[in-house]
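For reference, the structure is listed below as structure tokens.
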Amino acid sequence: QWWWDFQYRDVSPAEFVSTPNELHVPLGQPVVIKTMSRDVIHSFWVPNLHGKRDLVPGQVTQTWITADRPGIYRGLCAEFCGHQHARMAFTVVVEPAAKFKAWVDHQRGNASEPATEEERRGRDVFLGSPCATCHTIRGTRAASRIGPDLTHVGSRMTLAAGTLPNTAPHLAAWVGDPQAIKPGSRMPQVPMSDEDRRALIAYLRRLQ
């Protein structure tokens, strides 16, 4: 409640990729989607691509999709699941196989290194705050799975499961007071100075 975690499995667990709230699939190829829930019943639904499939706690269900047109599609939870049910959305990106493979290969890499003094300060703020106890940024010591993986957060289209476009002002608003945007979510408000918050946003935007 209330976000999605899409994991792309491989033979080696080291090659697994996690992309919260954004599903990429290759054009014209059948894709099996195995679903599960860790809290209540949800329902995976992409109206332009797929029928509904319930996610049931304690069970693994599966379905197949084959996207025959490239594009960007909106998905959502189709089973009432609590206070922020209407803001539990995700994006599906359908792209040619070669482009999909290049995207997956990039997602397997570690986070970009900071390029400026402000971005380095932002990384220090992240690692020295409660942020690092909930999120993963590969290539740093932050490795928690409580919240979404942020290794490539700067490249994603939306924030807070489709609630906001992923822009610097929206990211600053979300980090500054998440409960004002999505009441009931597990994202807490972390006190920090305006300067530290600006540095943190600069660092997170760097993570493409």
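The values are calculated or read from the model by the stated rules, or taken from the named source; none is laboratory data. Small disclaimer: the values here were computed from a predicted structure and weren't measured. Backbone-built Cβ (ideal geometry, glycine too); neighbour counts: all protein chains shown. These area figures cover heavy atoms from the full protein model, side chains too; ligands, DNA and RNA do not enter into them. Shrake-Rupley method; radii C 1.70, N 1.55, O 1.52, S 1.80 Å.
Structural remarks
- Label point 7 Å beyond Cα of S129 along Cβ direction - residues of segment 79-94 with amide nitrogen under 12 Å: none
- Where both bridge residues fall in the chain, DSSP classifies roughly 75% of the beta bridges as antiparallel.
- Taken over the chain, the alpha-carbon convex hull comes to 119 cubic angstrom per residue.
- In this structure, D105 and S12 have a Cβ-Cβ separation that, at R0 = 22 Å, corresponds to a calculated FRET efficiency of about 0.95.
- Within a Gaussian network of the chain (alpha carbon springs, distance under 10 Å), most fluctuating of D54, D149, D194: D194
- Surface exposure of the chain, expressed per residue as accessible area with a 1.4 Å probe, stands at 52 Å².
- Charge tally in the Cβ shell below 15 Å around E15, where Lys, Arg are +1 and Asp, Glu are -1, E15 excluded: +1
- Proximal charge balance of H83 [Cβ under 13 Å; K/R count +1, D/E count -1]: +2
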